[in-house]
1. With +1 on each Lys and Arg Cβ and -1 on each Asp and Glu Cβ, how big is the dipole of the chain about its Cα centre, in debye rounded to the nearest 20?
2. Which value results for Rg/Rh of the chain when Rg is the Cα radius of gyration and Rh the Kirkwood radius based on the inverse mean 1/r?
3. Using the Karplus curve 6.51 cos²θ - 1.76 cosθ + 1.60 with θ = phi - 60°, work out ³J(HN,Hα) for each residue of region 193-203 in order, rounded to whole Hz, and write x for Gly and Pro.
4. Per DSSP H run of at least 4 residues, take -39500 (n - 2.57); add these up for the chain, divide by its residues and hand me the 222 nm value, nearest 500 deg cm²/dmol.
5. In whole angstrom, how far apart do the alpha carbon centroids of region 141-216 and region 16-66 sit?
6. Report the one residue of 19, 191, 116 whose Cα lies farthest in the direction of the positive end of the charge dipole of the chain (charges on C-beta: Lys and Arg +1, Asp and Glu -1; origin at the Cα centre).
Amino acid sequence: MGDKCDFSLSQIRRLCHQLCSSSCVQEKRRGLHEQLLRQRPHWSVQKKDEQFHKIDLGVKVPFDISLPLPARDEREDSGHGVKLFWERFSCQHCGRCCYTPGAGLLLEDEDFERIAEHIGKKTLKSMCRYDKGLHAWILKQPCPFYSPDEKKCQIYAIRPLTCTKYPLHPPLKEMPYNLAVDAFCPAARQFAKDSLGWWIICENNWAKLLCKIEER
């Protein structure tokens with residue numbers, strides 16, 4: 001019985017992604033969740049402190065957070081959720097994603113050529129290591145282009161493609177139809193907190209679809 005319910009919920013989420021992506025984003029943009037939250041109790045309000053605590057674990061524990069926004073798929077017009085994310089996301093320019101030591105940032109061929117044209121190939125290579133397995137240049141970390149004093153990227157206009165997408169990450173396996181963000185990013189954690197009430201719109205749409213299916 002439990003497996004059947006889980007499967008049904010997965011199917012409902014898939015249908016919602018296919019049929020309601022555009023409308024649900026518009027409802028969230030208009031703030032419909034505020035009206036729904038006034039009408040009935042919801043975990044995003046009742047368990048707000050608990051949810052915020054889980055989100056804040058991203059300061060020390062690496063994980064991704066699913067957002068109540070539809071992920072992009074193969075359809076050309078599926079970028080509604082991504083668009084709203086960038087409308088509301090506010091980078092804090094903390095540089096944590098730039099100067100935190102790590103394995104390094106892979107530069108796509110176009111990234112390398114674009115940056116090299118700006119600063120010179122010899123200079124750029126001195127800031128990278130070459131990965132023979134990937135056949136690609138890896139920008140060393142901490143990122144040499146981030147200025148902690150000015151709190152900004154010195155090549156922001158031509159920064160690597162990966163940087164333009166951060167903190168968005170691929171959807172989580174358990175929530176494949178929703179955008180996901182890196183909990184390490186403080187601005188992403190704040191976005192997750194600010195949009196917590198949006199889940200009531202998702203759940204409302206799931207319930208409507210389920211009712212229609214059960215009526216058949």
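Rule-based calculations on the coordinates, nothing more; no lab input. Worth saying up front: this structure is predicted, and the values here are computed from it rather than measured. Positions of Cβ are generated from backbone atoms using ideal geometry, with glycine treated the same way; all protein chains shown enter the neighbour counts.
1. 340 debye
2. 1.04
3. 5, 5, 9, 4, x, 5, 4, 5, 6, 4, 5
4. The helix contribution divided over the chain gives -15000 deg cm²/dmol.
5. Between the Cα centre of region 141-216 and that of region 16-66, the gap is 12 Å.
6. 191
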